[in-house]
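Okay, so here's the structure we're looking at.
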Amino acid sequence: MNELLTLTGLGLFSMIAEIFNFRKAIFPVIVLGLLGLLGLCYMDWGSYNSTVTHFSMMKVDNFSIAFTSVLTATALFWFMMSRSFFEDQTSMSDHFSLVLFALTGAFCLTSFTNITMLFLGVEVLSLPVYVLTGSRKRDVASNEASFKYFLMGSFASAVFLFGTAFIYGATGSFNLENIATYLSTQPQLSPLFLVGLLLMLSAMAFKVGAAPFHFWTPDVYEGAPTIVTAFMSTIVKTAAVAAFFRLFYLSFSGIHGEYADIIWAMAALTMVVGNVIAAAQNNVKRILAYSSVGHAGFMLITILVMNDFAAKSLLYYTAAYSAAGIAAFLVLYLVGSANNGETPLNAFDGLVKRNPIMAGTMTMALLSMAGIPPLAGFFAKYFIFVSAVENGYIGLVVIAILSSLVGVYYYFKIIIAMFFGKPDNLPTYFLTPIHRFLLLFVAAIIVLTGLFPDFVMGLMTI
Amino acid sequence: MEQLVKFIPLFPLIGFAIIGLANRRLSKGVTGVLATGSVLASFAIAVIIFMNRLGGDGQAVTVTLFDWITAGNFSAKFSFLVDNLSTMFLLVITGVGTLIHLYSIGYMHDDDGFRRFMSYLNLFIFFMLLLVLGDNYLVMFIGWEGVGLCSYLLIGFWFKNIDYSSAAKKAFVMNRIGDLGLLLGVLLIFTATGSVTYDSVFAQAANITIPVVTTATILLFIGAMGKSAQIPLYTWLPDAMAGPTPVSALIHAATMVTAGVYMVARSSVLYMMAPISMDFVAWTGVITALFAASIGFAQTDIKKVLAYSTVSQLGFMFAALGVGAFTAGVFHVVTHAFFKALLFLGAGSVIHAMHHEQDIRNMGGLAKKLPITHATFLLGFLAIIGFPFFSGFYSKDEIIIQALAHKPIIGYLLIFGALMTAFYMSRLYFLTFMGKFRGTEEQQHHLHESPLSMTVPLMVLAVLSVAGGYLLQGYMEHNLTLGAAVTASTEIEEHTLHGLHNVMWGVTAAAIVMAVIAYVLYVVKGQRPSSDADMKGLEKTIYNKYYVDELYESLITKPLNSISSFLSNWIDINVIDRLVNGTGGGINALSGQLRLTQSGNTGFYIVAMVLGMALLVAITVFM
């Protein structure tokens, strides 16, 4: 709760600072504020009695603190990476406060105990992101992506509300605990409830970008400014998938059998579609967009397994994926900004000769996403597969492994371009100190969380 | 106090990191002090822990650094186990390690790769400490692989010489064969007990069936065969002498090659359950002991003689383990570390003085020119042949007595091995230090005693070689209770042991007679080994190590090479490549089709979503 209040305060501060023209102070204050938030998470961890709820709307437990920490750390990296982007634009506080408010939505998504709060979180997170997607006002692609995202997002919100209405109709409550109690006392499920559940499931699948509700993802990711894409594929994705998990864990896990097959099919389809389509792409931004669809498929497996170890694996997966995502999108952004915003595969040719730090970190990030040991991404996949195998989903793990093999192919296309391509007539890059630090630091995180997975997994003790 | 153990592996790791990263920015002096100092600091802590435990109750203590991996029902902690066995190894590794680091400062001083060398040595110490400290098979395995890596790097230290780098590769490959056995053994133990931590494995040992425990222990022992150079995986160790002499002393005599002994002793609970494995260990040990000793008779390279002697002594240790005398085996590890390190460093001092001459046919009479080297070498030599009251006397006697009591045939064969040792070591000693100098004029002119940094370690090791056995005898007997649960039932009557002690005096006397025979042959009669061209018959066969390398070459390497060339030239191109390229092409084609769904048309997307939802509802309701 303290985290949420602090963050809201930070958002208000950066909005007001803009009005009173304290722009120079905004960035340092945000960085310090986020570091302070991490400190708060550290202090709160384990000390919360998980029965304390805030007006039956939110419950701060280790699940929420663990995800809040990952989100905060990712946001910190994201601000460090995007400083120069915002300083190019005219009014940075608009963006900064938008992002901070989006982040408050993300925080709500990790700690809600009531469908109302879930809906609020989704909207508070989504609305600023619609705006951010369109933040390059003169760019048609950016505008198109923003509009498309908004249109489809509104549609998904409507579906979500529709589903909520059905569930309320069946159970008479928005409270997740009451819904779970209702389910455990009901010998026969009413069709009303079932339809509501399916509609909510569809809406959540839309938010995490799972097939067949993934169509917005590649278009929006590609159209949005790269920095915003980074925000979407790390923070938004983490918050959405955590919310998905929390919703089903807290209220629907009692009727797991009713929807298990659907999630199974959805996960399989998402992994296959995301990874297979990515194989044919020649634009790195689009490759990463499809790959993020594929990763959503891997994360869905944890919702299928739905136990404590799955929660740990999901936390670890999001942390590993966010770290790799920040690194990959930062390099993508740097390459793109020297190339009129275009990021075809051949813009990466011979990057290792032009800037070894960028190429090195990008390689680590891609290898981690591909799941090459001993990097974090390998263990992330490994833990999810272990939990799935232990619960008997062997067929799904086979599909998952095959699709990650396809993943290796397109990740290596980029790596091969960076190491063996001829860098003729391509610019060399000079990194700002903050970017250099960030690249090296994230690379270290990718290695270290891989070597010592328990430091992340241990955060989560439900 | 045991908590301090965390720092023991830390210092050498820091030393490695600083020297490895700073490299040329550090002067050679600073590098030497840093490398030696880091191991010395670890040694100091090891001594503190040892003294503290001596006064305490001697219970094993587990020190956990952090939870390493937890996945499903598998969990491994990065923890250290401090008990009397690991403390003993700690003392030997850091103690002998410090001396050899000090020696290396003098020995390697003029080498271009001095800093690289010192950093590798520190890294080696780090991994060796992990190996003996881990409280589970997984941490031990990291150490096990790490020392293998360092051994490879250091054997091929002068990598510009093709022969040396092939020797390094050979060591690496042979160790891999063993490591596979070890890994399978650990996996089997894990599937049988659900754990890799020593405590819980041994606690559940009674629930494992005998065939499984036998297989597991034999697999583990295959790992030991590779690392500790037992038949048939021993051929890498003599070749490993390509590395600088301090490496031979530290890694290929005192510490790494005894890792197998440590591992078997650590798993003594499992071995005691599997009599077949015990016999296997004992017979492998004794056959290796005799076989390697016989090769020692005809070698002319001073380091090769010592290398075969090491293989042979390792055989003694395994024979001890195999008859259930785990304590005696570990005792011999310790005394052997003292005197074999001393002998190797002495040999290094000789090689240093002779300007990289290693052939004993060109030595002789060095006693006068190299007084300190000679005196210390003599003490080491007396220790290895088991001269009364020297360190080897206690440990070797203990091994042979235990063998005679438990498996007499092994005992008799070991006595024979001890006599062979006495002879070929005497031959080495007399040919090197006695008689007339046989080298070139120029070598004779340049003969000089080594600097202090090299002779001080020699002197310290000489003291340990003389007194180490006597000092540690009581400690070993009372504080190392390995495999005790089972030995108690086969306790030997006191008077039988007493009788066996008397037999040992006879054996010792016989060993001294062997030394005298060697004296007569090589000093009084002035015999010297034939030159390569003059060798005939048995001598030539032995000189060429029974052609075992050639045998392996034609039995294993050549058939493997032809199979792999078939696989690579035909199977790979016509089957694998087509399969792989076909799959890739298929995926690409599929991808090309699938991407068409991504039309960019928002209306289509929303229709797809609605259809998707309808499908979900339909599936749930109708199925």
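The values are calculated or read from the model by the stated rules, or taken from the named source; none is laboratory data. This is a predicted model, so every value here is computed, not measured. All Cβ positions, glycine included, derive from the backbone under ideal geometry; neighbour counts span all protein chains shown.
The table below lists the values:
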| item | result |
| --- | --- |
| Subset of segment A:344-357 (residues that are in contact with a helix residue (DSSP H, G or I) (Cβ under 6 Å, 6 or more places away or on another chain) and under 18 Å from A:D424 (Cβ atoms)) | A:L345, A:A347, A:F348, A:D349, A:L351, A:V352 |
| Members of segment A:106-153 that are of a type in the set (F, W, Y) and surrounded by 24 or more Cβ atoms within 10 Å (Cβ to Cβ) | A:F107, A:F112, A:Y149 |
| Test: residue in segment A:168-178 that is among the hydrophobic types (A, V, I, L, M, F, W, C), over 25 Å from the mean Cα position of the chain (by Cα) and crowded, with 17+ Cβ neighbours inside 10 Å | yes |
| First in segment B:359-382 and aromatic (F, W, Y), second anywhere and assigned to a helix (DSSP H, G or I), Cβ under 6 Å, 6 or more apart | B:F377/B:G346; B:F381/B:M425; B:F381/B:Y429 |
| Criterion: of a type outside the set (K, R) and more than 7 Å from chain A (Cβ to nearest Cβ) - qualifying residue of B:A614, B:A608 | B:A614 |
| Output for segment A:380-393, where each listed residue is within 9 Å of A:Y316 (Cα to Cα) and at the interface with another protein chain (Cβ under 8 Å from one of its Cβ atoms) | A:F383 |
| Wholly within segment A:1-95, helices (runs of 4 or more DSSP H) carrying at least 2 residues that are surrounded by fewer than 14 Cβ atoms within 10 Å (Cβ to Cβ), among the acidic types (D, E) and modelled with pLDDT under 80 | A:62-88 |
| Filter result for B:I576 (among the aliphatic types (A, V, I, L, M), more than 30 Å from A:E258 (Cβ to Cβ) and surrounded by 14 or more Cβ atoms within 10 Å (Cβ to Cβ)) | no |
| B:T245 vs. criteria in contact (Cβ under 8 Å) with a residue 24 or more places away in the chain and not assigned by TED's automatic domain parsing to the domain that holds B:H336 | yes |
| Residues satisfying the stated conditions in segment B:589-603, i.e. within 8 Å of another protein chain (Cβ to nearest Cβ) and in a helix (DSSP H, G or I) | B:L590, B:S591, B:G592, B:L594, B:R595, B:T597, B:T602 |
| 2 or more residues farther than 26 Å from B:G586 by Cβ and of a type in the set (D, E, K, R): qualifying helices (runs of 4 or more DSSP H) within segment A:322-419 | A:351-354 |
| Those residues of segment A:451-460 which are more than 11 Å from every other protein chain (Cβ to nearest Cβ) and in a helix (DSSP H, G or I), in sequence order | A:V456 |
| Residue selected from segment B:34-89 under the condition charged (D, E, K, R) and outside any strand (DSSP E or B), by the criterion nearest to the other protein chains (Cβ to nearest Cβ) | B:D83 |
| Failed item in (1) closer than 30 Å to B:G37 by Cβ; (2) at pLDDT below 90; (3) not small (G, A, S), with B:L123 passing the rest | (2) |
| Qualifying residues in segment A:303-320 (those that are within 14 Å of another protein chain (Cβ to nearest Cβ) and among the hydroxyl-bearing types (S, T, Y)) - the one surrounded by the most Cβ atoms within 10 Å (Cβ to Cβ) | A:S313 |
| Those residues of segment B:434-464 which are in contact (Cβ under 8 Å) with a residue 12 or more places away in the chain and among the hydrophobic types (A, V, I, L, M, F, W, C), in sequence order | B:M434, B:F437, B:L447, B:L452, B:M454, B:V456, B:L458, B:M459, B:V460, B:L461, B:A462, B:L464 |
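Table: residues versus (1) in contact with a Phe, Trp or Tyr (Cβ under 7 Å, 6 or more places away or on another chain); (2) buried (at least 21 other Cβ atoms within 10 Å of the Cβ).
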| position | (1), (2) |
| --- | --- |
| A:V331 | no, yes |
| A:S337 | no, no |
| A:N340 | no, no |
| A:M369 | yes, yes |
| A:P373 | no, no |
| A:K381 | yes, yes |
| A:F385 | no, yes |
| A:V389 | no, no |
